[in-house]
Amino acid sequence: MAEKRMSPSGGFLIQSREGNAGNFEVVIPWSDSGLAHFGRANDTPGFPWLGPFRFGAGYHYLGASVIESDFKEHPDRDLGNLEVLATTSSGEVHHYWRENGGAFRWNGPFRVFDRATTAPSLAYTRQTVAGSSFYVVAGNLDRGLQYWERRNQPTIMWIPWDGTAPTVFVGMSLALTAIGAASPHAEYSEAGVGGDHIVAAVSNDGNVHLVVEGVGGHIHVENGIPSFRNWLDHAAIGVEMFFELHGQFRGRPSLIQGDYNLEEPALFRHGHYGNLELIVPAARGGFFHFWRISGIPGYERQKISWGWGGPVKVSGPIYDEVSMIQSSFSRSDHGNLEVVARHRDQMGFDFYWRDEAFAWHGPFPVS
C-alpha cells in the first residue's frame, strides 16, 4: 500500500508497498560515514523499527532522499526497487538503488552531478503512457537552485534545467502536485505529470522560499529536448507573508500535497485540489506546520503566497532536517501526517505523527 492519496514528494521518509499495510522507509546519513536505512514493519504488532542497515561506507553525506520506483529486480514482488540520492560533503550527488527482493542488496554509488550545496530532494512520477521520470532539486554553488530530470523512457538520461536567481539555500524540498492539472486527484496517477512542481527552500537568512515550476508560456530547450515547463511564481514566508517569522527557520523543510480539502467533481459542482502541507524546522527548536488550500481545477492558479494557514508550532529539539508523508494509517477519511526529524550527526531520528483530531504526538526517538 502506498501513501494514501498523497502526491509524490522528495524526502527521506516514504511509505512503501512492502507488506499489507505498507512499511515506512527512512534513509539518513550516518555520523562516521555512509548512509543508514531504517524500516518500520507496519504489519507487526507494535510497529517496530528495524535497522540501521548501512551502505555507502567511505563517503560523508550531507543528506539523502529516497523513493520507491517501478523498477523491479524481482518482477514477482509488489515492492519496487528503492532509489536514493545523497549529497557528499564535497558537493557530489550519488545514486544508489536497492533490489526489491532476494538479498535486498544496495548498489552504488553512481555519480550523478556535482557542485550541490544541499541534500537533494528526489521525487518520482510512476509509470504512465508517456513513461516515468525522476525529478531532483538541490542547492547549487553557481545558481542557488538546480533542477534535474531523469527520463526513464525510452532511454535513461539526466537533463539539467534552469535554476533560479542566485540565493544561498541551506535545505529544500520538492513536491509534484496536481495543481494546474485537469484533475484534482492527489495521487501518483494524476499528480506531477501535468501539475505544478513546487519547491520549498530555506535560505541562509532563515526564511522559506516557495518556487512554482509548471506549464509555462514558452518552450524551454535543454540538450536539444523541448519542454513546456517554466518557473511561474515565487514568494517567501517571513518576507511576503508571516512577517513575524522573519529569520525563524533553519535546515531542510518538507512539502507534500495531501487529501485534506480534496473534493471530487460532481454534477453542477467543481472539484477541489488537496491541500499543500509544509513543515519547516524552527530556529529555536521543534518545527512549524503550515497548510494551503490549493484551488479549483480549470480556474486560474492562485498565487503561491495566497491561502496559507497556520502556523502550528510543534515542540521539540533543534532539527536540521524534517520529512513528512500522509500515510494510510487513520481512523478518519484522511491519512495521518507522519514526520521524521533529526539533527546532524544524530544516530537515528525522532518520529512524530498527527491524528485525525489534528493533535501532534512525539517526539519518539528511533536509534
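Applying the condition of being out of contact with any Lys or Arg (no Cβ under 6 Å at 6 or more places or on another chain) and of a type in the set (Gly, Ala, Ser) to the range 315-337 and asking which residue is surrounded by the most Cβ atoms within 10 Å (Cβ to Cβ) yields SER323. A single member of PHE242, PHE228 is more than 18 Å from the chain's Cα centre (by Cα), modelled with pLDDT of 90 or more and surrounded by fewer than 21 Cβ atoms within 10 Å (Cβ to Cβ), and it is PHE242.
This table checks each residue for (1) touching a strand residue (DSSP E or B) at 6+ places or on another chain (Cβ under 9 Å); (2) surrounded by fewer than 24 Cβ atoms within 10 Å (Cβ to Cβ); (3) farther than 28 Å from PRO281 by Cβ; (4) of a type in the set (Phe, Trp, Tyr).
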{"residue": "LEU82", "(1), (2), (3), (4)": "yes, no, no, no"}
{"residue": "SER89", "(1), (2), (3), (4)": "yes, yes, no, no"}
{"residue": "TRP97", "(1), (2), (3), (4)": "yes, yes, yes, yes"}
{"residue": "ASN107", "(1), (2), (3), (4)": "yes, yes, yes, no"}
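Checked against (1) of a type outside the set (Asp, Glu); (2) part of a strand (DSSP E or B); (3) surrounded by 15 or more Cβ atoms within 10 Å (Cβ to Cβ); (4) out of contact with any Ser or Thr (no Cβ under 7 Å at 6 or more places or on another chain), GLY63 passes all but condition (4). Mind listing just one residue for me: the one in the range 325-367 that is over 21 Å from the mean Cα position of the chain (by Cα) and among the aliphatic types (A, V, I, L, M) and, of those, farthest from PHE38 (Cα to Cα)? So the residue we want is ALA357.
Every residue in the range 12-46 that is acidic (Asp, Glu) and under 20 Å from the mean Cα position of the chain (by Cα), please.
Looking only at the range 12-46, we keep the residues that are acidic (Asp, Glu), and these are 18, 25, 32, 43.
If the condition is that a residue be acidic (Asp, Glu) and under 20 Å from the mean Cα position of the chain (by Cα), then GLU18, GLU25 are the ones that fit.
Which residue out of ARG284, ARG250, ARG354 is in contact with a Pro (Cβ under 6 Å, 6 or more places away or on another chain) and under 26 Å from ALA119 (Cβ atoms)? Among ARG284, ARG250, ARG354, only ARG250 is in contact with a Pro (Cβ under 6 Å, 6 or more places away or on another chain) and under 26 Å from ALA119 (Cβ atoms). A search for C-beta distances below 7 Å between a residue of the range 293-305 that is among the polar types (S, T, N, Q) and any residue that is in a loop (DSSP other than H, G, I, E, B), counting only pairs 6+ apart in sequence or on different chains, returns SER294/ILE179; SER294/TYR273; SER294/GLY274; SER294/ASN275; GLN302/GLY295; SER305/GLU240. Looking only at the range 338-349, residues that are surrounded by fewer than 24 Cβ atoms within 10 Å (Cβ to Cβ) and assigned to a strand (DSSP E or B) come to 1 in all.
Is it the case that GLY11 is in contact with a Ser or Thr (Cβ under 7 Å, 6 or more places away or on another chain), closer than 25 Å to ARG344 by Cα and crowded, with 23+ Cβ neighbours inside 10 Å? Yes; evaluated as a whole, the condition is true for this residue. Which of the residues belonging to the range 315-337 are part of a loop (DSSP other than H, G, I, E, B) and over 20 Å from PHE249 (Cα atoms)? Selection gives SER327, SER328, PHE329, SER330, ARG331, SER332, ASP333, HIS334, GLY335, ASN336. Applying the condition of being buried (at least 24 other Cβ atoms within 10 Å of the Cβ) and part of a loop (DSSP other than H, G, I, E, B) to the range 179-198 and asking which residue is modelled with the lowest pLDDT yields GLY192.
The values are calculated or read from the model by the stated rules, or taken from the named source; none is laboratory data. Because the structure is predicted, anything quoted here is derived from the model rather than measured. All Cβ positions, even for glycine, are placed from backbone atoms using ideal geometry, and neighbour counts span all protein chains on display.
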